[in-house]
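Worksheet: one structure, shown below.
The values are calculated or read from the model by the stated rules, or taken from the named source; none is laboratory data. The shown structure was predicted, so the numbers you read here are calculated from the model rather than taken from an experiment. Note that we place each Cβ from the backbone using ideal geometry, even for glycine, and neighbour counts take in every protein chain shown. To get the accessible areas, we keep the full protein, side chains included, count just its heavy atoms, and leave off ligands, DNA and RNA. Shrake-Rupley method; radii C 1.70, N 1.55, O 1.52, S 1.80 Å.
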Amino acid sequence: MPSPGSDRPTVYAIDFGTSNSLLAAASRDRTFDPAPLDPAALDPTVLRSVLCFPDAGGVHVGQEALERFVEHGGEARLLRSIKRHLGSRSFRGTVIRGRMVSPEELVAAVLRTMRVRADAHFGVEVRRALLGRPVHFDGDDDRFAEDRLRRAAQLAGFEEVQFLEEPVAAARAFGAIAEREELALVGDFGGGTSDFTVLRIGPRAPARGDVRAIGGLAVAGDALDASIMRAQVARHFGAEVRYRTPFGKNVLRMPQGIVRHLCSPAHLSILQRRDIATFLADVRQWSLSAEDRHCLDQLTTLVDGVQGFHLFEAIERAKKELSTAETAEVRFSHPGIEVREAVTRPGFEEASARELGGIVRCMEETVRAAGVEPGEVTVVCCTGGTARVPRLAAEMAARLPASRLEHFKGFHSVVEGLAREAVARERAA
């Protein structure tokens with residue numbers, strides 16, 4: 001905490017992410033290191049963007065949310081990937097304890113926790129925020145999503161809210177340590193979006209014209225997890241079930257709409273809807289084999305027991321193992337559910353080819369929009385775990401032959417770049 005005679009933060013730099021959130025701070029004179037928002041986490045500066053609403057009341061965020069969810073068992077709601085819903089006009093909220101809670105209120109619960117804990121850490125009350133935002137939100141309308149995020153920040157107690165694209169923020173952090181001037185591609189790979197910026201960086205103060213182009217798409221880590229779920233794990237939960245309706249002759253399979261919800265970390269909870277639950281109960285009754293009924297029983301336990309978060313955590317662990325190993329295993333156990341599924345790197349690459357191809361095409365489009373040749377880009381600076389997927393790294397290297405690949409700062413590059421930008425805006429005010 002700053003000493004009484006030192007300067008104090010006047011604005012918070014917030015990286016609110018699909019999976020993780022961080023907060024740093026700035027004043028006119030300096031940046032402040034990211035605040036320790038979650039003392040129970042392995043890295044206290046990284047707060048999981050997870051909410052738990054126990055039936056008994058209250059709301060918990062981060063590691064505490066996971067612990068309270070386990071403690072309360074089935075008498076609690078666990079929500080993740082809430083950022084993904086900001087751009088969806090059709091998603092107006094979810095019912096919690098009998099009340100419809102809007103996406104803005106859900107996001108505000110995370111941002112309010114961050115603000116309160118940061119105020120306590122820095123010994124100040126800050127009501128101004130510079131938030132990172134993806135180039136393109138997941139959903140229908142970027143402006144609509146940004147407006148929702150602004151309202152969420154206001155509900156969380158911020159009176160002045162500004163935004164900066166996340167890849168531009170990451171580029172600011174990278175430029176601060178650059179030893180020479182060069183043309184760079186910065187890739188920010190989160191849980192929900194992959195964002196790029198092409199810019200000229202160097203050991204000097206950044207100028208307005210340095211950014212040549214930005215681009216992005218709503219495909220990243222969650223989508224790669226979903227590809228493993230779709231290809232190898234979903235069958236354990238009825239994705240390949242066969243059934244015949246009463247008096248029907250044709251053998252039917254699980255509707256693809258339900259399979260898509262099953263394979264999405266952000267949308268699995270939709271299967272709790274009464275109409276879908278009733279349909280799944282009918283499918284179980286009409287199914288053609290004991291194995292199909294067993295898989296549907298596992299699906300019911302997964303949904304009713306709100307175990308989707310933990311299942312996708314197991315899938316993510318296997319995905320990360322494949323970054324350094326040729327084989328891994330998805331291991332998930334819960335009363336009534338047992339999954340042991342071997343996955344291989346070639347199998348993962350085949351399953352995720354569509355998603356990885358989309359990321360690479362977006363990168364190529366951003367370079368073209370910058371008006372430069374691929375050979376002019378001399379460094380690719382990546383933040384986020386998805387950049388370590390071997391196939392993606394190889395595809396980027398093949399398309400930018402003159403560049404070297406650098407992984408930068410793990411989770412912290414965006415928030416550190418936001419803090420540097422906040423200082424610049426404070427001085428310009």
Residues with amide H under 5 Å of HIS407's amide H, sequence separation 5 or more or different chain, H placed in the peptide plane at 1.01 Å from N; which? CYS382
With the radius of gyration and the Kirkwood radius both derived from the Cα set of the stretch 28-123, what is their ratio Rg to Rh? 1.02
Can you give the direction-averaged projected area of the convex hull of the alpha-carbon atoms in the stretch 271-416, in nm²? 12.3
In debye, nearest 20: dipole of the stretch 305-389 around its Cα centre with unit charges on the Cβ of K, R (+) and D, E (-)? 160
Roughly how many percent of the accessible protein surface of the stretch 249-354 is carbon and sulfur, given a 1.4 Å probe and a whole-percent answer? 50
Once both label points are put 7 Å beyond Cα along the C-beta direction, the ARG274-GLU182 separation in nm becomes 6.1
The chain, accessible area per residue, ligands and nucleic acids excluded (1.4 Å, Å²): 44
Would you be so kind as to identify which of SER287, VAL233, ALA178 lies farthest towards the positive end of the dipole of the stretch 176-288, taking Lys and Arg as +1 and Asp and Glu as -1 on Cβ and the Cα centre as origin? SER287
What number comes out for the charge environment of GLN298, summing +1 per Lys or Arg and -1 per Asp or Glu over other residues with Cβ under 12 Å away? -2
Cα-centre dipole for the chain with unit charges at Cβ (Lys and Arg positive, Asp and Glu negative), debye to 20: 720
So THR245 and LEU405, fully extended at 0.36 nm per residue minus their Cα-Cα distance, gain in nm 52.1 nm
Charge dipole (the stretch 1-115, unit charges on Cβ, about Cα centre) - positive-most of LEU111, ALA40, HIS72: LEU111
Solvent-accessible area, 1.4 Å probe, carbon plus sulfur percent, for the stretch 58-108: 47
Order these peptides, 165-177, 272-284, 223-235, by their mean beta-carbon neighbour count within 10 angstrom, highest first. 165-177, 223-235, 272-284
Going residue by residue through the stretch 171-182, the Karplus relation 6.51 cos²θ - 1.76 cosθ + 1.60 with θ = phi - 60° gives ³J(HN,Hα) values, rounded to whole Hz and with x marking Gly or Pro, of 5, 4, 5, 5, x, 5, 10, 5, 8, 8, 7, 7
Cross-link candidates for LYS249: which aspartates and glutamates have Cα within less than 20 Å, leaving aside residues fewer than 8 places away along the same chain? GLU240, ASP282, ASP292
Rounded to the nearest 0.05, what FRET efficiency is calculated for VAL372 and GLU125 with R0 set to 35 Å and r the Cβ-Cβ distance? 0.20
Peptides 9-20, 30-41 ordered by average Cβ neighbours within 10 Å, highest first: 9-20, 30-41
